[in-house]
1. So, of the residues in the stretch 124-142 that are among the charged types (D, E, K, R) and assigned to a loop (DSSP other than H, G, I, E, B), which turns out to be modelled with the lowest pLDDT?
2. Does Val49 satisfy the criteria of being under 10 Å from the mean Cα position of the chain (by Cα) and not acidic (Asp, Glu)?
3. Quick check, is Val67 touching an Asp or Glu at 6+ places or on another chain (Cβ under 9 Å) and closer than 30 Å to Arg33 by Cα?
4. Keeping to the stretch 97-123, report how many residues are outside any strand (DSSP E or B) and in contact (Cβ under 8 Å) with a residue 24 or more places away in the chain.
5. Scan the stretch 9-18 and give yes if some residue there is in contact with a helix residue (DSSP H, G or I) (Cβ under 7 Å, 6 or more places away or on another chain) and in contact (Cβ under 8 Å) with a residue 40 or more places away in the chain, otherwise no.
6. Considering the stretch 77-114 alone, what residues qualify as being at pLDDT below 95 and of a type in the set (Lys, Arg)?
7. For Asp115, indicate whether it is touching a strand residue (DSSP E or B) at 6+ places or on another chain (Cβ under 7 Å), surrounded by fewer than 13 Cβ atoms within 10 Å (Cβ to Cβ) and either acidic (Asp, Glu) or closer than 17 Å to Pro130 by Cα (or both).
8. Regarding Leu32, is this residue of a type in the set (A, V, I, L, M, F, W, C), surrounded by fewer than 21 Cβ atoms within 10 Å (Cβ to Cβ), free of Cβ contacts under 8 Å to residues at least 60 places away in the same chain and under 15 Å from Glu5 (Cα atoms)?
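The values are calculated or read from the model by the stated rules, or taken from the named source; none is laboratory data. Note that the structure is a prediction, hence the values are computed from the model and not measured. Quick reminder, even Gly has a Cβ in these numbers, built from the backbone with ideal geometry, and neighbours come from all protein chains shown.
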Amino acid sequence: MSHLEHVSDAGIKAMSIKPSFAVLLPTTAYVLRIAVPPARKLIDGGVPVALGSDFNPNAHCLSMPHVMNLACVLMRMTMNEALVAATINAAGSVGRSDTHGSIEIGKSGDFVILDSSRWEHIIYEMVDPPILSTIIEGKVVYSALKQ
């Protein structure tokens, strides 16, 4: 289920009983100036939360660092929760957590390498995240290093 800006307590309870992911889109709430999804209530209610950018004409954003920052600032998620929501839970929301969403033997080799002493800087430095390289299926598709 996506958006969930106005999910009821009964809806949260139902989502926790029948396993489903709450896919939250903080850029939509930010750009359209609407209520933010109640991430804290969903998490505390036992509903796994995933984050998405909602890339479309009314919320034109492909930056997951920005999405994660908004999730922390607007929806009161912790940085650890935002990381989980943007990775393993995002993969789980589309039925791919067995092959994607975390760095494990046997999973697709998709990840970013940061030029930072702490992973949290990808959220702190939302305008210019310290991404050094991007790896997809084990191949470098972006590198800030001079070749």
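1. Asp128
2. yes
3. So Val67 passes the test.
4. Within the stretch 97-123, residues that are outside any strand (DSSP E or B) and in contact (Cβ under 8 Å) with a residue 24 or more places away in the chain number 8.
5. No, the stretch 9-18 contains no residue that is in contact with a helix residue (DSSP H, G or I) (Cβ under 7 Å, 6 or more places away or on another chain) and in contact (Cβ under 8 Å) with a residue 40 or more places away in the chain.
6. Result: Lys107, single match.
7. Yes, satisfied.
8. So Leu32 passes the test.
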